[in-house]
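Accompanying notes for the structure given below.
The values are calculated or read from the model by the stated rules, or taken from the named source; none is laboratory data. Predicted model, so just to flag it, every value in this text is computed and none were measured. Cβ: placed from backbone, ideal geometry, glycine included. Neighbour counts: every protein chain shown. Ligands, DNA and RNA are excluded from the accessible area calculation, which covers all protein heavy atoms including side chains. Shrake-Rupley method; radii C 1.70, N 1.55, O 1.52, S 1.80 Å.
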Amino acid sequence: MIQVIDRAFEIIGFVASSGTVSLSDIAKHCKLPLSTVARITSSLEHHGVLERSSHRAFRLGGRLLTLASQVVPVRSLVEIARPFMLKLSSKTNEDVGLSILQGEEAVIVDWVYGDHAVKVIEPFTPSITLNCAFRKVLLAHKRQEWIDNYISGTEFPKYTPHTIVGKQKIHSEINSVREQGYAVSRSENIMDAASVAGPVFDKNGVLAATVFLTAPISRFERNDLREMISDVVSTARTMTVALRNSEMTI
């Protein structure tokens, strides 16, 4: 039993360091029979620790990332951010989320639901690439070398007709997000869904999270978008001050 656990963690570590990796590459790296690796990865996939990409290669699964979000620094971040999220949701009546970057995956670590009955259902999945919606903020505030490597090494699916998929267009969009201090999305990964997201920084000026407001696109068209942007940016800045006062780092 201990040997199986050791092998499972070796596989998880290799997948984490590789991003995505084939079954045969895992077997070669771990020096294990393909049948043994297949059994272990099948079990890890069943429990959501690993998942298959569109090319059938393995990558870290959503459950592992969700469990990781319970680590003390992230839990502390959620505790600090939640009052401000509640205030933003109460003012706008819209749903408000908080997301962090773990590896190359955006993980939603908290939600506050607004009063509107008609909502956007944002999937709790790490598999959506960072060129969409609130994820653009997480990408925009990484080091330029990291951004360049991510964009050049990632295949960007067209989730909707409005998804930005051209690599030069993604670079341009990310630059705009960084310069203006917020991101606006209209149907980029979910049709008829819109969002505004702002960056939250720790005491060292490093991006800790993004706070975002999301709603059906019809309400963005009816309401004052400038006021929504102002509310989200103000909330992000207030969270940043609170994080700096707490001296917490991610």
### Query
Looking at (1) more than 20 Å from residue 113 (Cα to Cα); (2) open to solvent by less than 60 Å² (accessible area, probe 1.4 Å), which is the only condition residue 143 fails?
(2)
### Task
Taking the residues in region 21-51 that are on the phi < 0 side of the Ramachandran plot and assigned to a loop (DSSP other than H, G, I, E, B) as candidates, determine which candidate is most open to solvent (accessible area, probe 1.4 Å).
47
### Message
Could you check region 177-203 and list, in sequence order, the residues that are in contact with a Lys or Arg (Cβ under 9 Å, 6 or more places away or on another chain), within 17 Å of residue 230 (Cα to Cα) and polar (S, T, N, Q)?
### Response
185, 195
#### Entry: Filter pass, residue 14 being in a helix (DSSP H, G or I), over 30 Å from residue 230 (Cβ atoms), modelled with pLDDT of 80 or more and open to solvent by less than 40 Å² (accessible area, probe 1.4 Å)
yes
### Message
Please verify whether residue 222 is on the phi < 0 side of the Ramachandran plot, at pLDDT below 95 and surrounded by fewer than 14 Cβ atoms within 10 Å (Cβ to Cβ), treating the condition exactly as stated.
### Response
yes
### Query
Identify, please: which residue in region 198-219 is farther than 28 Å from residue 76 by Cβ and in contact (Cβ under 8 Å) with a residue 40 or more places away in the chain and is, among those, surrounded by the most Cβ atoms within 10 Å (Cβ to Cβ)?
215
#### Entry: Conditions (1) buried (at least 18 other Cβ atoms within 10 Å of the Cβ); (2) of a type outside the set (A, V, I, L, M, F, W, C); (3) modelled with pLDDT under 80; number of the one not met by residue 55
(1)
### Task
For region 97-109, enumerate the residues that are out of contact with any Pro (no Cβ under 7 Å at 6 or more places or on another chain), open to solvent by less than 40 Å² (accessible area, probe 1.4 Å) and either modelled with pLDDT of 85 or more or closer than 23 Å to residue 149 by Cα (or both).
97, 98, 99, 100, 102
### Query
Looking at region 178-194, is at least one residue over 23 Å from residue 94 (Cα atoms) and without any contact (Cβ under 8 Å) to a residue 24 or more places away in the chain?
yes
### Query
Can you find a residue in region 152-164 that is touching a residue at least 24 places away in the same chain (Cβ under 8 Å), in contact with a Leu (Cβ under 6 Å, 6 or more places away or on another chain) and closer than 28 Å to residue 114 by Cα?
no
### Task
Evaluate the following for residue 195: is it small (Gly, Ala, Ser) and open to solvent by less than 20 Å² (accessible area, probe 1.4 Å)?
yes
### Task
Scan (1) modelled with pLDDT under 75; (2) closer than 28 Å to residue 140 by Cβ for the single condition residue 118 breaks and write down its number.
(2)
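What residue, of 190, 164, is within 15 Å of residue 99 (Cβ to Cβ), open to solvent by 30 Å² or more (accessible area, probe 1.4 Å) and either touching a strand residue (DSSP E or B) at 6+ places or on another chain (Cβ under 8 Å) or not basic (Lys, Arg) (or both)?
Answer to the check: 190.
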